[in-house]
Every structure is written in C-alpha cells, then in structure tokens.
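Heads up, the thing below is written out as structure tokens.
The values are calculated or read from the model by the stated rules, or taken from the named source; none is laboratory data. Quick caveat, the model's predicted, so the values are computed rather than measured. Here the Cβ is made from the backbone with ideal geometry for all residues, glycine too, and neighbour counts use every protein chain on show. Calculation scope for accessible area: heavy atoms of the full protein, side chains included, ligands and nucleic acids excluded. Shrake-Rupley method; radii C 1.70, N 1.55, O 1.52, S 1.80 Å.
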Amino acid sequence: MHSTIRQRRLTAAALTALAVAVSATACSSGPGGTDTRGAGGGTYTVWDPYPQFDKASAWAKLLDQCGTKAGVTIKRTGYDTSDLGTKTLLAAQQGNSPDVLIVDNPVVSTLAEAGVLTTTEENELDTSEADPNLLAAGQSGGKTYGTPIGANTLALYYNKKVLKAAGVDIAAVKDWTSLTAALAKVKKAGKKGITFSAIGTEEGSFQFLPWFWGSGAELTELDSPKAVSALSLWKNWLKQGYAPNSVLNNTQTTSWQEFASGDYAFSENGTWQLAGAKKAGLDYGVLPIPGANGGTAAAPTGGEFVTVPVQRDTDRYAVSQRLATCLTSTANLYDTDTTLSYVAPTSKVQDKQVAANAELKPWVAAVRAAKGRTSDDLGTKYPTISEQMWKAVQSALSGAESPKDALAKAQSAVK
C-alpha cells in the first residue's frame, strides 16, 4: 500500500462538523486493544452500526469467516449509529482507529474531510461493480472513500383495500397531479389520504427530499421555483385534509403506525417497514415516489459504507482491504443485504434479490433512481442545508410562513 498515507491531525472544528453530521442522520485500551495486531495474522478490529446483531448472528459469523479467510482474528464492536461517528473521530485522534469501519453514508464525507479515512486509490478497494448513484454518497473532492454495503430508500406503500373503496386505480398514479387526484377520491370516500414524517429533524428532510428532487430542484438553491412547488404540494395536502397535521411531529415510526391502522391510502416509508407491513396484515403494494411530471423521483439513499480508516502502520491496509472486499463481494452481499433488509449496491445482486422475492422489484427501482444526500460534492455542507430545509418545511406546514418565504429564509441562512 502507499506509504504516503499518514495520520492527520484532527481539530475541534472537525469534531463539531461530525457532531452536526451525526445529528443529521441521525474498550478500555482503545479499539485495537493491546498491540497484538500485525499484518501477518493477529487481530483486526471492525466497527459497525449494528448493535442488534450478537455473536451468534449471521452478520457476526460472516465477519469471522472473512477474518479466517484473511488469516486474522476479528474483534468486532457494534455501536448505535448516533455514537459511531463521534467514537471514530475520537479514536483517530488517539491513533486507535479500527481497521475496517462500516458507517452511515452521510457521515463518510465528514470523516473523509477530517482526514480519518483512506481513499480507494490508497487502499486499493475495488468499487467497479457498485452502482454509481450509490457510490456517489461516499465521494468527496473527486475521491472515493469506501464502498456501499447496501442501500435502503423511500417509496409509497399503499393500502389496496382503501384505494379500491375509493375507486382509485393505482396504475393511473404516475405524477403529482394524478396522486393528488387519488387523495381527493380517498377523502371523498371517507378515508384518510397520505401520512409521512415532516418532523423538524433529519427525518423530516429525508422524507421531503424525494418531492424536492422530484420537482427538479437542487440542494444548492433551496428557494428555486421548483423547490417552492414541492413544499407547496405538501402544504396543499394538509390544507385540503389529504394529510394529517400530525405529520409535523411524526417520525417515520409514528407515521408508519398511522398507516398500519388501516385507515390511510398511502404512507411514505422505507424498506425497513416491510416486516411491519406483513405483521399488520395489510393488503398493500409499493409504488416508487413519482416525480412532478412522471417517472421515478430520486429518493435519498440510506445504508452504510465499508471504509478503511487511516492507520499509523500502513502495512495493515493489505489485510483491511481483503476484509472489506470479502464483506462486499458478490458471493456475500446477497445474504448480508437480506439480513439487513437492504437492497444490494450492485445490479448483479439486485437482480438475484428480485428473482428470489418479487416484492423487492419496486424497491430496486427506487434504489436505482436514488441519490446520496451528500452527492453533488456537497460533503459537509449537507447538514447545514438539511437543517434549514426541515426548518422551512416546519414553518410552511404550520402556517407560520408561506412556502416561498420559508424557503427564501432557508437559502439565506445557508449562504
């Protein structure tokens, strides 16, 4: 590997930036323990955001198998997503970074800009099979920092029973106009229209982005006419009674609970609710979120990246690369993403997922059209933009300001 990779000094500013990024995603002797690690065998550390998986889980067993294949022992620690970024940055300051880090994709650019991660050019991790739109979430300044292990995103769940009672043909819902017309029919039939999360956190921005991007708007211009049209769409739905006022405080979980009651026609939510949909006994379908004038809107990508943090001992990178490659190989991705309820980051494995489970077809379509929140080289600028976006959504939907004025204020604050 390249000897030019060095430990970068991390500043208080980097800590602050990371704290903002993590809020937007929302070992006693250091991660490596004693210095028993070495390029020839030894122990290699892996940190991930999956504390729900214990040593007996399929995920833990895969890590052990990859370690055995590389000739090393794996010491794995699972952290909550909200803690992982900060702990990684602190470990880097102390010179105790994990060898392999699996981290939420919006945090990648922040860690990269803080000097914590090696580039794929430096660590020689092959990213050629990853879908470009998913890989973009791990790129900053023209460089790539890791590879996606899987992705989730948003789509529209719909209740077939409610739509049938309202005389709505889901095949006719292809753009904002036809979706709004469907909501009007549902309300007229005495049922409830659509529920989503517009809470004043990253969850609110995450759920608004498909409509924002679906209008053709860009995050560098929050107050464009297209952006205003997206926020006006949501505002009109509340005004007409097509969406409940509870969306202002809804998380994605509470929004889902509303839909699971069986009264709503639509719910904007993610792949992580598939098990809940089956448990609720709903006769449901899934529709990719439509763009303003048709087609599939770009929804934000969720999911993690497998990265290789900077090490003082650069000889370790060869094994770290083998471990990362093992975790993201075609042979392992199918089982891994099934365990994580993710859509795979490569077309080859996506096709295999759909062949095994036809219900994933609309989710694969949504992921293929998805977009990273930090894409377009926004990097660490995204958390600031997102915060102003969710504030504008809250202000407009609560009636405090018009969509136009709320977004104008947001754009001014970002500048």
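Kindly work out what percent of the DSSP beta bridges joining two residues of the chain are antiparallel, to the nearest 5. Write out the running numbers ahead of the final one.
Numbers: 21 of 33 bridges.
About 65 percent, rounded to the nearest 5.
Working note: Karplus 6.51/-1.76/1.60 with θ = phi - 60° gives the range 361-367 the couplings 4, x, 6, 5, 4, 5, 5 Hz, where Gly and Pro are set to x.
Stretching the chain fully between Arg312 and Lys415 yields a gain of 33.3 nm (0.36 nm per residue, less the alpha carbon separation).
For the peptides 259-271, 125-137, residues were scored by their other Cβ atoms within 10 Å and the scores averaged per peptide; the highest-first order is 259-271, 125-137.
Under 5 Å between amide hydrogens, built in the peptide plane, is the criterion, and for Lys371 it picks out Ala299, Thr301 among residues at least 5 positions away or on other chains.
Can you tell me the FRET efficiency between Ala184 and Thr330 if r is taken as the Cβ-Cβ distance and R0 is 45 Å, rounded to the nearest 0.05? Kindly include the intermediate steps, with their values, before the conclusion.
Numbers: r = 46 Å, r/R0 = 1.03.
With R0 = 45 Å, the Cβ-Cβ based efficiency is 0.45.
Sequence-ordered 3J(HN,Hα) estimates for the range 42-49 from the Karplus curve with 6.51, -1.76 and 1.60 and θ = phi - 60° stand at x, 10, 10, 9, 10, 10, 9, x Hz, glycine and proline given as x. A protection proxy built from the mean count of other Cβ atoms within 10 Å ranks the segments 292-300, 191-199, most packed first, as 191-199, 292-300. Set the bar at 24 Å for Cα to Cα. Now go through Lys161/Lys279; Lys61/Lys278; Lys188/Lys226; Lys87/Lys279; Lys143/Lys226 and name every pair that lies beyond it. Correct reply: Lys61/Lys278; Lys188/Lys226; Lys87/Lys279; Lys143/Lys226.
Amide H contacts of Gly291: Thr296, Ala297, each under 5 Å away and 5 or more positions distant or on a separate chain (H built 1.01 Å from N in the peptide plane; Pro and chain starts excluded).
With +1 on the Cβ of every Lys and Arg and -1 on the Cβ of every Asp and Glu, and nothing else charged, how large is the dipole of the range 139-238 about its Cα centre, in debye rounded to the nearest 20? Before the final figure, lay out each step's value.
Details: 12 positive and 7 negative charges, 156 e Å.
Dipole size: approximately 740 debye.
With R₀ fixed at 45 Å, the C-beta to C-beta distance from Thr177 to Asp83 puts the FRET efficiency at about 0.55.
At 0.36 nm per residue, and after removing the present C-alpha to C-alpha distance, how many nm does the segment from Lys279 to Ser246 gain when stretched out fully?
Numbers: separation 33, 0.36 × 33 = 11.88 nm, distance 2.36 nm.
Full extension from Lys279 to Ser246 adds 9.5 nm.
Legend: residues Thr253, Thr68, Thr77, sorted from most to least accessible area (1.4 Å probe; ligands, DNA and RNA excluded), read Thr68, Thr253, Thr77.
In this structure the amide hydrogen of Val310, modeled in the peptide plane, comes within under 5 Å of the amide hydrogens of Leu117, Thr118, none closer than 5 places in sequence on its chain. Phi angles across the range 309-325 convert, under the Karplus curve 6.51 cos²θ - 1.76 cosθ + 1.60 with θ = phi - 60°, into 3J(HN,Hα) values of x, 5, 10, 5, 8, 5, 5, 6, 4, 4, 6, 4, 5, 5, 5, 5, 5 Hz, Gly and Pro given as x. Summary of packing: across the peptides 405-411, 346-352, the per-residue average of other C-beta atoms within 10 Å ranks them, highest first, as 405-411, 346-352. A 1.4 Å probe run over the chain, with the rest of the protein chains in place, finds 40 Å² accessible per residue.
Neighbours of Thr251 by Cβ distance under 13 Å: Lys/Arg scored +1, Asp/Glu scored -1, total -4.
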